[in-house]
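Data block below; observations after.
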Amino acid sequence: MAEWRKSTRSGNAGNCVEIAAGIGIRDSKAPASHVEVGAAAWSAFLANVTRED
């Protein structure tokens, strides 16, 4: 079974993004479906959202 983790920035409002290593991303309100994300795409995403311009 996948270990889904909520974003630390989601707070307690119920609007949470969850990730599972090697699986993908999902909305905590709709846990039955998710978007598959490969390792290279996830690394590129993280590099862009954490980059300081």
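Observations
- Percent breakdown of C-alpha pair distances by 10 Å bin, ordered from the shortest bin, for the chain: 24, 49, 25, 2
- Two-site FRET efficiency, Ala39 against Arg5, from Cβ-Cβ distance with R₀ of 22 Å, rounded to 0.05: 0.85
- In sequence order, the stretch 20-32 has phi-based couplings of 9, 4, x, 10, x, 10, 8, 8, 4, 7, 9, x, 6 Hz under the Karplus curve 6.51 cos²θ - 1.76 cosθ + 1.60, θ = phi - 60°, and Gly or Pro positions carry x.
- The value of relative contact order for the chain, using C-alpha pairs under 8 Å at least six residues apart, is 23 percent.
- Under-5 Å amide H pairs with Gly24, H placed in peptide plane, nonlocal only: Val37
- Using only side-chain charges placed at the Cβ, +1 for Lys and Arg and -1 for Asp and Glu, the dipole size of the chain relative to its Cα centre rounds to 160 debye.
Every number here is computed from the coordinates shown, using simple stated rules; none is lab data. Because the structure is predicted, anything quoted here is derived from the model rather than measured. A quick note on method: Cβ atoms are made from the backbone with ideal geometry, for glycine too, and the neighbour counts reach across all protein chains shown.
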